[in-house]
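A.B. asks: One structure, pasted below without further comment.
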Amino acid sequence: WTGFHDWLSRTAVVGHRRATTGAAAVPNPHVGMPAHAFPYRLGPYALSVDPANVAAGCVLEAYDTNLRRRVWIPILSASAPPIPPARRNLCRRGRLRWVNGARSPELSWDAYEAPDGCSLKAAVSARVPWGTVRHWLLHLAQEAQFTLCHEEPPLPLSLDRVWIAAGGAPILLDL
């Protein structure tokens, strides 16, 4: 399996498997429902409840029928400002990805990806190895530092705003 360039340079690429960093997989207690189980629509998303009957501050789970994925939709007050472009374009592993939104006098909302996993409180209800907790703390500290230094206004930080993705990565929630 030696390539011509390896033979000429008398070198070889040798691979090895990296050790894991302590990120433990978190079971997903929720399995997404099929699109036909959602009779209401909000933009391109299907919902199980009528968004017109939901108060501002509630977060709805919806289904993107085009991309076949779950999204979380916080319902906002009519006076809510639009998401700043810096937050809209933010693509970091430790934050939810903003995917869509709308502002109107009748109904204002934003849609974020809905990763599999569970809340931090649910994740620590079972014994969690120190290596996993250390991994979570490191990534949460990095995200907290980023949000406090680079976002205006900074994201409020609390344990209720931490989600542990199915792959084991912690995510700060904007919801």
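A.B. asks: Grab the DSSP H runs of the chain that are 4 residues or longer, score each as -39,500 (n - 2.57), total them, divide by all residues and round the 222 nm result to the nearest 500 deg cm²/dmol.
C.D. replies: Working: 4 runs with 35 residues, N = 175.
Per the formula, -5500 deg cm²/dmol.
A.B. asks: Helix 130-150 versus the longest principal axis of the chain: what is the Cα-based angle in degrees, 0 to 90, to the nearest 10?
C.D. replies: Computed tilt is about 60 degrees.
A.B. asks: Scan (i) 103, 38, 35; (ii) 70, 37, 34; (iii) 42, 28, 26 for the value of Cα extents along the principal axes in Å calculated from this model and give just the label.
C.D. replies: Calculated Cα extents along the principal axes in Å: the matching label is (ii).
A.B. asks: For ARG161 and ALA12, compute 0.36 nm times the residue count separating them, minus their Cα-Cα distance, and round to one decimal in nm.
C.D. replies: Full extension of this stretch gives 48.9 nm more.
A.B. asks: With charges only on Cβ, +1 for K and R and -1 for D and E, what is the dipole size of the range 87-169 about its Cα centre, in debye, rounded to 20?
C.D. replies: Dipole magnitude for the range 87-169 comes out near 260 debye.
A.B. asks: Report the FRET efficiency, 1/(1 + (r/R0)^6), for HIS150 and THR2, where r is their Cβ-Cβ distance and R0 is 41 Å, rounded to 0.05.
C.D. replies: Rounded to the nearest 0.05, the efficiency is 0.30.
A.B. asks: Can you tell which of SER104, PRO74, PRO85 lies farthest toward the positive end of the dipole of the range 68-117, using +1 and -1 charges on the Cβ of basic and acidic side chains (Lys, Arg; Asp, Glu)?
C.D. replies: Among SER104, PRO74, PRO85, the one farthest towards the positive end of the dipole of the range 68-117 is PRO85.
Read-outs throughout are calculated quantities, based only on the coordinates presented, and are distinct from any laboratory measurement. Quantities reported herein were computed from a predicted structural model and do not represent experimental measurements. In this analysis, Cβ positions are derived from the backbone assuming ideal geometry, glycine residues included, and neighbour counts consider all displayed protein chains.
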